[in-house]
Amino acid sequence: MKIFLPGPTEVRSELLAQTSQPMIGHHTTAFASLIDSLKPRLGHLLGTQHPVFLFSCTASTALEAALCNAAGKRTLILANGGFGERWLEAAGALGLPADGLLARWGDPIREDDVASKLEQGDYETLVMVHGESSTGMLNPIDPITRILSKHPQVLFILDAVATLGGVPLRMDQSGIDVLVGASQKCLALPPGLVPVGVSARALERSRKSERKGYSLDFNLWQERWTKGQTVGTPAIPQFFAVDYQLKRIEAEGLERRWERHQHMLEMTTEWAKLRNLVPLAPGNCLLPPISCFRFKDDRDTTGVVKALEQQGYLIDDGYGKLKGKTLRIGHMGDWTEEELKGLLRALDGVIG
Ligand SMILES: *Cc1c(COP(=O)(O)O)cnc(C)c1O
């Protein structure tokens with residue numbers, strides 16, 4: 001089965017092989033030197049001089065940890081899709097004071113609305129989803145960076161789960177305080193390991209936070225990470241795979257990898273034009289690793305996805321309230337243009 005889901009994505013067998021190496025202890029010098037070798041390379045991946053931790057959990061757990069460590073008095077959550085709404089719900093479940101700035105799924109969040117909302121409230125944190133995978137939409141970072149430069153008390157948490165490794169991202173240049181990525185999407189690794197970049201301001205905020213807990217406390221992590229250690233026993237097999245995958249990414253070139261994702265997006269967008277399919281997101285905000293289309297006549301998509309599965313390909317028929325209404329194709333990670341052509345041919349066969 002070829003996995004073109006919007007996550008998890010296909011993992012190359014050479015990477016899977018890395019995860020079946022003999023176990024080592026996490027308090028050994030071998031493991032500490034592995035962590036040390038990963039540090040500058042993770043920094044390059046996120047575009048940061050700040051520490052990048054590897055949490056062993058789901059990306060959602062890491063995003064909750066970001067809220068627990070870095071949310072100040074009040075948090076503003078931008079939500080124009082399923083994941084933005086999820087973080088608003090998570091903040092509520094954690095008992096954190098938070099407001100949503102809501103837009104319809106697939107509609108851009110207006111810059112003016114963000115600016116005026118920040119003027120009104122005593123916000124200390126802003127959360128944005130970079131790649132809103134429920135709608136295949138890329139929310140631009142630059143306008144938010146510009147607005148936040150006028151609000152130095154507001155920390156910027158970015159959900160880059162669907163974009164890290166596949167879309168241009170430069171944490172420090174964009175003034176991002178906490179950047180949460182994932183292993184199972186554009187990095188094309190098994191799920192369960194989450195790169196989290198943490199700025200000095202976020203470490204400082206976390207020191208005063210009463211809700212940061214223990215296992216994902218940023219400062220405790222910083223203390224251990226400096227010594228080449230983690231808090232608790234990490235997903236050691238995954239660390240082997242990350243090491244190997246970073247070598248592959250360095251060989252391809254990070255910018256070349258971003259371009260490959262962009263090119264695959266252009267391929268699906270061109271293909272869809274001739275097939276009565278339209279993207280959910282506006283044409284200038286499409287998400288390079290994930291396409292999300294609906295049929296012009298709003299035909300149900302579940303049958304297409306099921307028929308495609310018979311051809312050996314997995315894609316998705318929609319997230320949350322869009323289930324059965326969209327086709328979501330994850331052309332991310334290590335998939336190539338050639339392999340994507342194969343999927344589009346198979347899709348042609350079942351769309352008819
Ligand atoms: C996949 C995804 C998540 C959730 O990741 P989990 O590892 O399943 O928790 C969060 N945000 C975005 C934008 C995603 O695409």
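In vacuum, with every alpha carbon of the range 218-316 counted as one equal point scatterer, what does the Debye formula give for log10 I(q)/I(0) at q = 0.13, 0.15, 0.16 Å⁻¹? Two decimals, please.
Ignoring solvent entirely, the Cα scatterers give -0.76, -0.86, -0.89.
Once every DSSP H run of n ≥ 4 in the chain is given -39500 (n - 2.57) and the sum is divided by its residues, what mean residue ellipticity at 222 nm do you get, rounded to the nearest 500 deg cm²/dmol?
Numbers: 12 runs with 144 residues, N = 352.
Value at 222 nm, helices only: -12500 deg cm²/dmol.
Could you list which residues have their amide H under 5 Å from that of residue 100, counting only those 5 or more apart in sequence or on another chain, with H placed in the peptide plane?
Residues meeting the amide H criterion: 77.
Distance between the C-alpha centers of the range 283-317 and the range 262-281? Whole Å please.
If we compute the Cα centre of each part, the gap is 10 Å.
I need the Kirkwood Rh of the range 85-160: take the reciprocal of the average 1/r across all distinct C-alpha pairs and report it in angstrom. All intermediate terms of the calculation are to be shown ahead of the outcome.
Working: mean 1/r = 0.0764 Å⁻¹.
One over the average 1/r among Cα pairs gives 13.1 Å for the range 85-160.
Given H placed 1.01 Å from N in the peptide plane, which residues other than close sequence neighbours of residue 290 have an amide H under 5 Å from its amide H?
331
So what is Rg over Rh here for the chain, counting just Cα atoms and using Kirkwood for Rh? Working shown, then result.
Working: Rg = 20.0 Å, Rh = 20.6 Å.
Ratio value, two decimals: 0.97.
Taking residue 325 as the anchor, which lysines have their alpha carbon closer than 29 Å to its alpha carbon, excluding any fewer than eight residues away along the same chain?
2, 185, 273, 296, 306, 341
Sticking to Cα atoms, compute the Rg of the range 9-148 to one decimal and its Dmax as the biggest Cα-Cα distance, whole number, in Å.
Cα radius of gyration and Dmax of the range 9-148 are 18.5, 56 Å respectively.
May I ask you to evaluate 6.51 cos²θ - 1.76 cosθ + 1.60, the Karplus curve with θ = phi - 60°, for each residue of the range 305-320 and list the ³J(HN,Hα) values in order in whole Hz, giving x for glycine and proline?
Along the range 305-320, the couplings run 5, 5, 5, 5, 4, 4, 8, x, 10, 10, 10, 10, 9, x, 9, x Hz.
Once Rh for the range 46-99 is found with the Kirkwood sum over Cα pairs, what is the Stokes-Einstein diffusion coefficient at 4 °C and 1.567 mPa s, in µm²/s? Don't skip to the answer; put the middle values down first.
Working: Rh = 12.2 Å.
The estimated diffusion coefficient comes to 106 µm²/s.
Could you tell me the ratio Rg/Rh of the range 195-235? Both radii from Cα atoms, Rh via Kirkwood.
On the way: Rg = 10.2 Å, Rh = 10.7 Å.
A ratio of 0.95.
Mind listing the phi-derived Karplus ³J(HN,Hα) values for the range 36-53, rounded to whole Hz, using 6.51, -1.76 and 1.60 with θ = phi - 60°, and x for any glycine or proline?
4, 6, 6, 3, x, 6, 5, x, 5, 4, 8, x, 9, 8, 7, x, 10, 8
Please check which bits of the range 179-195 a label hung off residue 252 would reach, taking the label as a point 7 Å along Cα-to-C-beta and the cut-off as backbone N under 15 Å.
182-190
By a straight-distance test (C-alpha under 20 Å), which lysines pair with residue 208 as possible cross-link partners, with residues fewer than eight away in the same chain excluded?
Counting by Cα, and skipping residues close in sequence, residue 208 has these lysines nearby: 73.
Report ³J(HN,Hα) in whole Hz for each residue of the range 114-120, in order, from the Karplus equation J = 6.51 cos²θ - 1.76 cosθ + 1.60 where θ = phi - 60°; Gly and Pro get x.
Residue by residue, the range 114-120 yields 5, 4, 6, 4, 5, 5, 6 Hz.
If I compute solvent accessible area with a 1.4 Å probe over the protein chains, what percent of it on the range 181-265 is carbon and sulfur? Please report the intermediate quantities before stating the final value.
Numbers: 1770 of 3470 Å².
Here it works out to 51 percent.
Leaving ligands, DNA and RNA out of it, report the carbon-plus-sulfur percent of the accessible area of the range 306-349 at a 1.4 Å probe. Working shown, then result.
Values: 940 of 1880 Å².
Accessible surface attributable to carbon and sulfur in the range 306-349 totals 50 percent.
Per the Kirkwood treatment, what hydrodynamic radius in Å, one decimal, follows for the range 72-111 from the mean inverse distance over all distinct Cα pairs? Write out the running numbers ahead of the final one.
Details: mean 1/r = 0.0975 Å⁻¹.
With all distinct Cα pairs of the range 72-111 included, I get 10.3 Å.
Using the Kirkwood radius over C-alpha pairs as Rh, can you work out the diffusion coefficient of the range 79-238 via Stokes-Einstein at 4 °C, viscosity 1.567 mPa s, in µm² per second? Could the numbers behind the result be given before it?
Working: Rh = 16.8 Å.
The diffusion coefficient I find is 77 µm²/s.
The values are calculated or read from the model by the stated rules, or taken from the named source; none is laboratory data. These numbers were taken from a predicted model, which means no experiment stands behind them. Don't worry about glycine lacking a Cβ; one is built from the backbone with ideal geometry, like all the others, and counts go over all protein chains shown. Areas reflect the complete protein model, heavy atoms only, side chains present, ligands, DNA and RNA absent. Shrake-Rupley method; radii C 1.70, N 1.55, O 1.52, S 1.80 Å.
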